[in-house]
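What follows is calculated from the coordinates using simple rules that are stated; it is not laboratory data. Predicted model, so just to flag it, every value in this text is computed and none were measured. When we count neighbours, we look across all protein chains shown, and the Cβ atoms used for this are built from the backbone with ideal geometry, even at glycine.
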Amino acid sequence: MRLSQDPTIDTVAKLGAVSVAMFAFVFVVMVPLYNVLCDALGINGKTSSEAYISVVSEVDETRSIKVQFIATNNDGMPWAFAPDVTEMVVHPGAANDTVFYAANPTTASMIAQAIPSVSPSRAAEFFHKTECFCFEQQPLDGESEAQMPLQFIVDQDLPADIKTITLSYTLFDVTSLMRDKVASR
Amino acid sequence: MGDHHHGPAKGLSRWLYTTNHKDIGTMYLWFSFAMFLLGGAFAMIIRAELFQPGMQLVEPGFFNQMTTLHGLIMVFGAIMPSFVGLANWLIPMMIGAPDMALPRMNNWSFWILPPAFLMLASTLLMEGGAPAFGWTFYAPLSTTYAPPSVTFFIFAIHILGVSSIMGSINIIATVMNMRAPGMSYMKMPLFVWTWLITAFLLVAVMPVLAGAVTMMLMDIHFGTSFFSAAGGGDPVLFQHIFWFFGHPEVYIIILPAFGVISQIIPAFSRKPLFGYASMVYATAAIAFLSFIVWAHHMYTVGMPLAGELFFMYATMLIAVPTGVKVFNWVTTMWRGAMTFETPMLFSIGFLVLFTIGGFTGLMLSIAPADFQYHDTYFVVAHFHYVMVAGAVFSMTAAIYFWLPKWTGRMYNETMGKVHFWVSFIGFNITFFPQHFVGLAGMPRRIPDYALQFADFNMMSSIGAFIYGASQLLFLYNVIAAITSGKRVTDEKIWDGAEGLEWTLPSPPPYHTFEVPPTIEEQPAH
C-alpha cells in the first residue's frame, strides 16, 4: 500500500503511524492485557475483585485447609486494622464467615480501600470471596470503628499439595484520591 | 535554483538553521560529548562519596539524585545522541546520498534536545531536588514519593522521545529511499545495516516509554491509578511497561556499536569482514529477541515459574547471535595483516571487554542465580562493561577512525594510544572489582557500605578518576587535531578501509554525492 507518490513521504507516513500505534498500544493493549492475565492466572496473588456466585457443591469433609489472615496498613495509614481471628481451619466447598476490625483514631472522616493478595499465588484462583469489604471503599467517621465482613469458599479443585492459604490485606488511605475525583466531577 | 555548490552560512545562524547532515552530525557529537562530561562529573561525585565507607561529601538524598541523573544523562544524553550524530555524518556518505531524506526535520530533532536536557539538569536547583528514584524510575518511587520536579523530568523524557523518533524515521527514510543506484541492501556497509535495524527498534519502543511517563503524569496530576494499588492499579505493571521499552533500548545502544566495530576491524585487518550476511541476520535476530526478554530484569517480582523459565531461556538464546558476531570479528582478524592504530586498539578493547560483559549477562540471565545478584554491584559491573567498554569504546574508536576524514587533519597517534591504555586500565580498575563486591552482597544505589567492601571500593574510585581524567586527554587530542593537526589529503586515510566515504576528498566538501556515485563490483563491507 502506498500512502503517497513520494517514496519518502510514504515511508514517513507509515513510520509515523507505527509510532502513534505503539503509543496507543501501551494504553489499550498492555494495561488491560496485564490486568486480564493477572486475574485469569492469579499472578501476583490477585483475587477476583468481584463477588463469586457460589454454585451448589459438595463439601469435602476429608480435607482441611488452614486459612491465615494478615492485615497491614500501607505507609502513613493511621487506622487500626486487624482480623478478628488470625487463623481458621476450613473444608473445601464450605462457606465460611469472618470479620475484620477497623478503627479510625483520627478526628477526620476518611475513606479506605483494602487490597487483597493470596499466597501461594497458585491458590488465588481457588479462593473465592462471596462477600468482601475489599469490593468497596470503606468510609469511616473520625473516632469510630467498624466490623467488616468477609465470606469465602475454598474451591474443591484446590491442588492437593496446598495445605495452607494466607490471605493478606493491605489497607490504603484513598481519602484524597476520592476527594479529587469528586472535585473533578 | 541557486548555486548548488554554496558553502555553509556564516556565524551562529549556520548552526541554528542548518539542514546539512554534516553540520547536524557535528552538533550531535559535540552535544553528546558535553553530556558525557556532565554525566561523568556526576559519576565522579558518586565515586568520591564511595571512596570510603561512611558519609563524607554529600547527603544521601543528593547521592540518589546523582545516580539517577548520571544514568539518565549517559543513556539518553551521551550514548544515544552520539550514535545519531555518527549516523548523520556517515549514512549519507556510505550509501551515496546527498543528504538525509528529511533535512528540516533533522534540524528540529537535534535542536529540541538541548532544551530537554537543560530542563532535566535544572531540576537540581528546584525545591525538593532533582529526581532521585534511579534512571529506571520505578513507580511508586517516581509517582507517590517523587519530588515535585518529576513533572519536568517527564516533560524532558517526552521531548527526547520525540527527538529520537524523528531521528529514526529520518534514518529509515534515508536508507530505504536514497541509496545510490546499485547499492542493494546486501551491499550496504554494516554500520548502515545496524542503524537501520536500530531505527526500527526506536520507532517501536520510544512511544512505549512515552506511554509510561504519560501514565506517571496522569497518576500524579489527574487522579488516575495506573500504578497505585489503592486505586486498583499495580506498581509491577510499571516495571513491565518500562522494561518492554528498556530491553530493546539496550540493543538500541549497542547495535550501532556493533556496526562501528564491523567497519573498523576489517580496515585494520586488511581483510573483508568475515560472514557479512550472517552479521546482518544476527543483528536482526538480536533485535527480534529483544522484544521477548524484558522480564529478565524483574525475576524477583514474583513471576510464576513458567514465566521465569520462558524469560530465562529466551535471554540465553540471545547469546547465540551475539556469539556469531564475536566469532565473525575474531575470524576477520585471523591471519589478517593487522596493525594497531588507536581505532583498532579501541575496537579490540571493545571485543574483549564486551565479551566479558556478555558473559556476566549470561550469569544474570539464570533466574535462580539472579535472586542473589539482583540490585547488587554485580549488575552495575555488568552493564558498565557493555555500556562503557561496549558503546563508549566503540564510539571513541569511531571518532579516531573517521575524524581525519571529517576534518582532513590527523590526530596525535601517540596521544591516542596513551588515551586507549589509560582508559582501558582505568576502566578495568573501576569496574572489575565491582563484580566481587556485588557477589559479596553490596547493594547498588546506596551511599554507604559495610566495612568489608572498603578496599575494593577505594580501587573502584581510583580507577574511575583515572578513566575520567583520560577523557580530558581525548578532548584535547580532538581539539588539537581540528585546529592544528597534520593535514591529510589522501581520500583513503586508512589503507585497508573500504566504502564510499573513503572515495571522497578529506575533508569532504560541504555537499557530497549530489550526483550519485556508480557502485562498482567492490564489496561495500
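Residue count for the range B:84-117 satisfying the condition of being farther than 30 Å from B:Val150 by Cα, within 14 Å of another protein chain (Cβ to nearest Cβ) and in contact with a His (Cβ under 8 Å, 6 or more places away or on another chain): 5. Note on the range B:216-242: among residues that are more than 7 Å from chain A (Cβ to nearest Cβ), under 30 Å from the mean Cα position of the chain (by Cα) and surrounded by 22 or more Cβ atoms within 10 Å (Cβ to Cβ), the one that is farthest from A:Gln138 (Cα to Cα) is B:Phe242. Of the strands (runs of 3 or more DSSP E) lying entirely inside the range A:90-185, those containing at least 2 residues that are in contact with a His (Cβ under 8 Å, 6 or more places away or on another chain), more than 14 Å from every other protein chain (Cβ to nearest Cβ) and in contact (Cβ under 8 Å) with a residue 60 or more places away in the chain are A:144-154.
Being within 21 Å of the chain's Cα centre (by Cα), under 30 Å from B:Leu190 (Cα atoms) and assigned to a helix (DSSP H, G or I): is that true of B:Phe424 here? Let's see the steps before the verdict.
Details: within 21 Å of the chain's Cα centre (by Cα): yes; under 30 Å from B:Leu190 (Cα atoms): yes; assigned to a helix (DSSP H, G or I): yes.
Yes, satisfied.
For the range A:78-94, the set of residues classified as within 18 Å of the chain's Cα centre (by Cα) and of a type in the set (Phe, Trp, Tyr) consists of A:Phe81 only. Name the single residue, out of those in the range B:303-334 being in contact (Cβ under 8 Å) with a residue 24 or more places away in the chain and within 14 Å of chain A (Cβ to nearest Cβ), that is farthest from B:Val260 (Cα to Cα). Filtering first and then ranking leaves B:Glu308. Within the range B:114-137, the residues that satisfy the criterion of being assigned to a loop (DSSP other than H, G, I, E, B) and either under 22 Å from the mean Cα position of the chain (by Cα) or closer than 16 Å to B:Gly71 by Cα (or both) are B:Ala130, B:Pro131, B:Ala132, B:Phe133, B:Gly134, B:Trp135, B:Thr136, B:Phe137. Scanning the range B:167-189 for residues that are more than 8 Å from every other protein chain (Cβ to nearest Cβ), crowded, with 24+ Cβ neighbours inside 10 Å and in a helix (DSSP H, G or I) returns B:Gly167, B:Asn170, B:Ile171, B:Thr174, B:Val175.
Which one is surrounded by the most Cβ atoms within 10 Å (Cβ to Cβ), of the residues in the range A:61-77 that are in a loop (DSSP other than H, G, I, E, B) and more than 21 Å from the chain's Cα centre (by Cα)? Lay out the reasoning, then the answer.
Going through the range A:61-77, the residues in a loop (DSSP other than H, G, I, E, B) turn out to be A:61-64, A:74-77.
Narrowing the set further to residues that are more than 21 Å from the chain's Cα centre (by Cα) leaves A:61-64.
On the way: A:Glu61: 10, A:Thr62: 7, A:Arg63: 15, A:Ser64: 11.
Result: A:Arg63.
Among the residues of the range B:75-95, is there at least one that is in contact (Cβ under 8 Å) with a residue 24 or more places away in the chain, under 19 Å from B:Arg444 (Cβ atoms) and outside any helix (DSSP H, G or I)? For the range B:75-95, residues in contact (Cβ under 8 Å) with a residue 24 or more places away in the chain, under 19 Å from B:Arg444 (Cβ atoms) and outside any helix (DSSP H, G or I): absent.
Residues in the range B:306-338 that are within 20 Å of B:Ala295 (Cα to Cα), under 23 Å from the mean Cα position of the chain (by Cα) and among the small types (Gly, Ala, Ser): B:Ala319 alone.
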